[in-house]
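Notes follow once the structure below has been shown.
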Amino acid sequence: MAASTGLLLSECLVHGLDIARATGLPWRIEPEHARLVLGQAMPVMMPLALDRERARGVDVVFDLAVRGGPRLFLAVRDGAMTVTTGAAPRTPDCRISADPVAFLLVAFRRSPQWKAVARGLLRAGGRKPWLAPRLTWLVPSP
C-alpha cells in the first residue's frame, strides 16, 4: 500500500510539474512530498527499473542519505538490486547526500544531474565517490 501511494504521489508531482512547465504556470514540489515518494515508492520501483544488462558484473552499495530522511541503501550485485532502509548489507562504497526535490527531479529526468551537483543539492562521498553518477546509469528512470 505504501509503495502504491508513493508511486501515485510521484505521478502527481512529476506530471504536475510537466503540465505547469508546458503552460507557464508555477509549480512547487514540497520537500516533504518528495521524501514520501523517495521513502515509499523508490525502494520498490528502483529495483524494477534497474537496467539488468548494465548491472551485470556490478557489485556496489550506495548509501542514499536524503536530507531530512529517508536513508536508503541500494545494493547492486550482478544484475539485481535490493533496497533496504535499516542497515547496509555491507560497508557502502559511495554515499550520496541528496536534497529530496533535486533527487526526485534527477531520478525522473526532469532536471540534469550536473545542475543539482553544481548547486550543492547532490553530493557524493565515501570510499568511492566517483561511483555516484553510475546510479543514474544503472537505473535509467524509476
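Values as computed for the structure displayed
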read-out	value
Members of region 92-109 found to be over 12 Å from the mean Cα position of the chain (by Cα) and either in a strand (DSSP E or B) or modelled with pLDDT under 95 (or both), listed by number	Cys94, Arg95
Gly120 touching a Cys at 6+ places or on another chain (Cβ under 7 Å), open to solvent by 20 Å² or more (accessible area, probe 1.4 Å) and at pLDDT 95 or above	no
Some residue of region 98-113 being aliphatic (A, V, I, L, M) and over 19 Å from Trp137 (Cα atoms)	yes
Residue identified as without any contact (Cβ under 8 Å) to a residue 24 or more places away in the chain and either of a type in the set (Ser, Thr, Tyr) or outside any loop (DSSP other than H, G, I, E, B) (or both) among Ala34, Ala20	Ala20
Exclusive hit being open to solvent by 60 Å² or more (accessible area, probe 1.4 Å), more than 18 Å from His33 (Cα to Cα) and either in contact (Cβ under 8 Å) with a residue 40 or more places away in the chain or not in a helix (DSSP H, G or I) (or both), set Trp137, Trp130	Trp137
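The values are calculated or read from the model by the stated rules, or taken from the named source; none is laboratory data. From a predicted model like this one, the values you see are computed outputs, not experimental measurements. Methodologically, a virtual Cβ is constructed for each residue, glycine included, from the backbone with ideal geometry; neighbour enumeration extends over all protein chains shown. Note: accessible area is taken over every heavy atom of the protein model, side chains too, but ligands, DNA and RNA are not part of it. Shrake-Rupley method; radii C 1.70, N 1.55, O 1.52, S 1.80 Å.
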